[in-house]
Amino acid sequence: MATKKKTTTADDAEVSAFIAALAPTLRAEVEALRRLIRSVSSEVEEGVKWNAPSFRTSEWFATMNLRDGLKLVLHRGVKKRSGAVAIDDPEGVLSWRGDERAVVTFEDGVAPVKSALKAVLKQWLAAL
């Protein structure tokens, strides 16, 4: 298991600066998603990785994709791991891209899937 790097004020400031540079409509949704992810656990930390806001506990587990709207890529860190991730997703918010990676697309914003996504994120963290 990787050593946990403590989030610094610089990490938070880097994410805040990244978000501040976004278009206003996208900025509001990215901030809402950021708050949701950070609310799942006090262990969640953030930084800019892969040119986007990314989130970790002991490993990176989620990265925003801002190329075509807002998406959240859930993954199991940098290193490939064996075994599939088992997540109960009754609302169908996940689109699987393999055994250990899934994408959430926010076509109507974060609010409509907030509670379903929070439940999925809690399970994802437990699977790490």
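The values are calculated or read from the model by the stated rules, or taken from the named source; none is laboratory data. These numbers were taken from a predicted model, which means no experiment stands behind them. Using ideal geometry, Cβ is built from the backbone for each residue, glycine included, and neighbour counts are taken over all protein chains shown. With ligands, DNA and RNA removed, areas are computed over all heavy atoms of the protein, side chains included. Shrake-Rupley method; radii C 1.70, N 1.55, O 1.52, S 1.80 Å.
Projected onto the charge dipole of the stretch 88-128 (+1 at Lys/Arg Cβ, -1 at Asp/Glu Cβ, origin at the Cα centre), which of L125, T105, P90 gives the Cα projection farthest towards the positive end?
My answer, from the dipole projection, is L125.
How do V120, V73 stack up against each other in accessible area, from largest to smallest, with a 1.4 angstrom probe?
V73, V120
Using helices alone, I'd like the mean residue ellipticity at 222 nm for the chain: each DSSP H run of four-plus residues gives -39500 (n - 2.57), total over residue count, nearest 500.
Taking each H run of at least 4 residues, the total per residue is -10500 deg cm²/dmol.
Give me the percent relative contact order of the chain, please, defined on Cα pairs under 8 angstrom at least 6 residues apart.
21 percent
Please identify the helices of the chain, taking whole runs of DSSP H, that span at least 18 Å along their own axis as judged from the Cα atoms and have a mean Kyte-Doolittle score of 0.0 or higher.
114-127
Taking the alpha-carbon centroid of each part, what is the distance from the stretch 79-105 to the stretch 26-51 in angstrom?
When both Cα centres are located, 19 Å separates them.
Rounded to the nearest 20 Debye, what is the dipole magnitude of the chain about its Cα centre when Lys and Arg each give +1 and Asp and Glu each give -1 at the C-beta?
420 debye
Would you compute the Debye intensity of the chain from its alpha-carbon atoms alone, equal scatterers and no solvent, and pass along log10 I(q)/I(0) at q = 0.13, 0.17, 0.21 Å⁻¹ to two decimals?
Results for the chain at q = 0.13, 0.17, 0.21 Å⁻¹ read -0.49, -0.87, -1.36.
Which part of the stretch 59-79 falls in the paramagnetic zone of S41, meaning amide N under 13 Å from the point 7 Å along Cα-to-beta-carbon?
Backbone N within reach: 59-62, 75-77.
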